[in-house]
């Protein structure tokens, strides 16, 4: 379980979980659940396109996730238009489906893009994942105060001279970066769960932001470790366990709140 | 006309079946979709598709027909959302997201197991992205019957439903129950999502349900004309998608056609974009 190719899965998985837990905390605080759902879906078409023209999946994911983040920031600036965003999203998924129908890739590849594949993590991905992950974490923590201020009281933030629009773009780009490194591990459709479940659970356990932030990262790591171990033991897809364990952690947190 | 209608198009049995099925499903989706958009339930419509995926994947694993799975999944999802829906808004979004994540994980497991333990191939693509050409002919009468049933139910509840969406107080005063009506409509929407999933795949079905309706509501004022315009747009996009997909086999020398679902979704998206643009232009003046 800890030998050869599995080592990379553990290393990359740990980094991805910490980053998702930290960035996800701000996603939940800022009420950005919808973009966090939309960006990974958009990235799916990028990954499918990259495999069609023979480029690294990470590049395809990165380009499409960043483009998706910018598009959402632009659409969101005018009005809150859920219908338009949902339709654009489904459109991008359909483009991904068209790419897949053209490539000669067979079912397992399609499946691992959507639901994750721990064995899909190669040695050459470790360095980019570590750099992008560390960078995203540092930026988010450095911006923690303005991010909190602008999401809790946008008026005061603007009065203090914060550029809330610019801040939002930066934040969405960070979500895109996290998506890029996490999708190969947990899959397009379950990225969202890893980013939402642990922070939501952590906020149920404690009210203090700094404690909740650390707890969120911790829960994400536990969820992903348990998922990798179970996936290895039972030979089932890792995304299934990420989805189930995240839901479980959230359920436990709700139960804890209810008991008190 | 050969450049548009490839030789043998209308003589092919799968195409004729796809045109018939596509007509009724697009019509049903457009009618129900108008109410989904008017009632502001686009997110619910989208969420139902995730749960329908789980049902479809489970059905594929146990060798049941996908329609049964899509319908069961969506209806069960509607029930779960009714329970979650009684919470405060912010927690509701998170709770819905986590539940949907669990359901998506389960779809992944079902799809994985049916790809590895059964001899069928392409299950993932068939369930998620669908194809109007590959719907088994045994399922057509059932799908047509369910579609017709949804239309009949909509014809009956349309007026009370509209009243309770616009002003719940007046509806209650007149002896209607907005809660019961809401639940009944959610079930009808879930059934429609199941039909759409059969036509263009479960994760794309939002497009068929919401797209034509949202486009029609951009350019019309009354509900009646919105329903008519949405039906026309939905059926036109579906039929054009079928024709283009059939033609696309001849576009490349490798004869690798593009999927019907791709064309249908892209055409709906373009239609919506055009209608939104027209609206923006007319309101600016």
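The values are calculated or read from the model by the stated rules, or taken from the named source; none is laboratory data. Here the structure is a predicted model, which is why all the values come from computation and not from measurement. Neighbour counts run over all protein chains shown; Cβ positions are idealised from the backbone, glycine included.
If I ask for residues that are over 23 Å from the mean Cα position of the chain (by Cα) and surrounded by fewer than 19 Cβ atoms within 10 Å (Cβ to Cβ), which ones from the stretch B:114-140 would you list?
Start the filter on the stretch B:114-140 by keeping residues that are over 23 Å from the mean Cα position of the chain (by Cα), which leaves B:114-121.
Answer for the stretch B:114-140, where residues must be over 23 Å from the mean Cα position of the chain (by Cα) and surrounded by fewer than 19 Cβ atoms within 10 Å (Cβ to Cβ): B:116, B:117, B:118, B:119, B:120, B:121.
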*When you go through (1) crowded, with 23+ Cβ neighbours inside 10 Å; (2) at pLDDT 85 or above one by one for residue B:66, which number turns out not to apply?*
(2)
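So if I check each of A:256, A:236, which one is farther than 19 Å from residue A:23 by Cα and modelled with pLDDT under 85?
Numbers: A:256 fails: modelled with pLDDT under 85.
Answer to the check: A:236.
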*Give B:198, B:217 a once-over and let me know the one that is within 14 Å of chain A (Cβ to nearest Cβ) and within 21 Å of the chain's Cα centre (by Cα).*
B:217
*State the number of residues belonging to the stretch B:84-140 that are more than 7 Å from every other protein chain (Cβ to nearest Cβ), under 19 Å from residue A:250 (Cβ atoms) and modelled with pLDDT under 70.*
8
_Among the numbered criteria (1) modelled with pLDDT of 85 or more; (2) surrounded by fewer than 19 Cβ atoms within 10 Å (Cβ to Cβ), which one does residue A:166 miss?_
(1)
*Which residues, counting only those in the stretch A:164-176, are in contact with a helix residue (DSSP H, G or I) (Cβ under 9 Å, 6 or more places away or on another chain) and either over 14 Å from residue A:42 (Cβ atoms) or free of Cβ contacts under 8 Å to residues at least 24 places away in the same chain (or both)?*
A:164, A:165, A:167, A:168, A:169, A:170, A:171, A:174
*Please state which one of B:244, B:233, B:223 is in contact with a helix residue (DSSP H, G or I) (Cβ under 7 Å, 6 or more places away or on another chain), farther than 30 Å from residue B:107 by Cα and away from every other protein chain (no Cβ under 14 Å).*
B:223
*Give just the number: which of (1) within 19 Å of the chain's Cα centre (by Cα); (2) under 26 Å from residue B:263 (Cα atoms) does residue B:152 not satisfy?*
(2)
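Take residues that are farther than 30 Å from residue B:129 by Cα, in contact with a strand residue (DSSP E or B) (Cβ under 6 Å, 6 or more places away or on another chain) and at pLDDT below 75 and tell me which of the helices (runs of 4 or more DSSP H) falling wholly in the stretch A:76-151 contain 2 or more. Spell out the reasoning first.
On the way: elements: A:82-102, A:107-115, A:126-142.
Passing ranges: none, list empty.
Return yes or no: is residue A:201 over 15 Å from the mean Cα position of the chain (by Cα), at pLDDT 85 or above and at the interface with another protein chain (Cβ under 10 Å from one of its Cβ atoms)?
On the way: over 15 Å from the mean Cα position of the chain (by Cα): yes; at pLDDT 85 or above: yes; at the interface with another protein chain (Cβ under 10 Å from one of its Cβ atoms): yes.
Yes, satisfied.
Residues in the stretch A:172-190 that are within 15 Å of residue A:247 (Cβ to Cβ) and more than 8 Å from every other protein chain (Cβ to nearest Cβ): how many? If you could, list the steps in order and put the result at the bottom.
Taking the stretch A:172-190 as the starting set, the residues that turn out to be within 15 Å of residue A:247 (Cβ to Cβ) are A:186, A:189-190.
This time we only want the ones that are more than 8 Å from every other protein chain (Cβ to nearest Cβ), so: A:186.
Total meeting the criteria: 1.
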*Examine the stretch A:47-63 for a residue that is within 30 Å of residue A:201 (Cβ to Cβ), more than 14 Å from every other protein chain (Cβ to nearest Cβ), modelled with pLDDT of 85 or more and surrounded by fewer than 20 Cβ atoms within 10 Å (Cβ to Cβ), and state whether such a residue exists.*
no
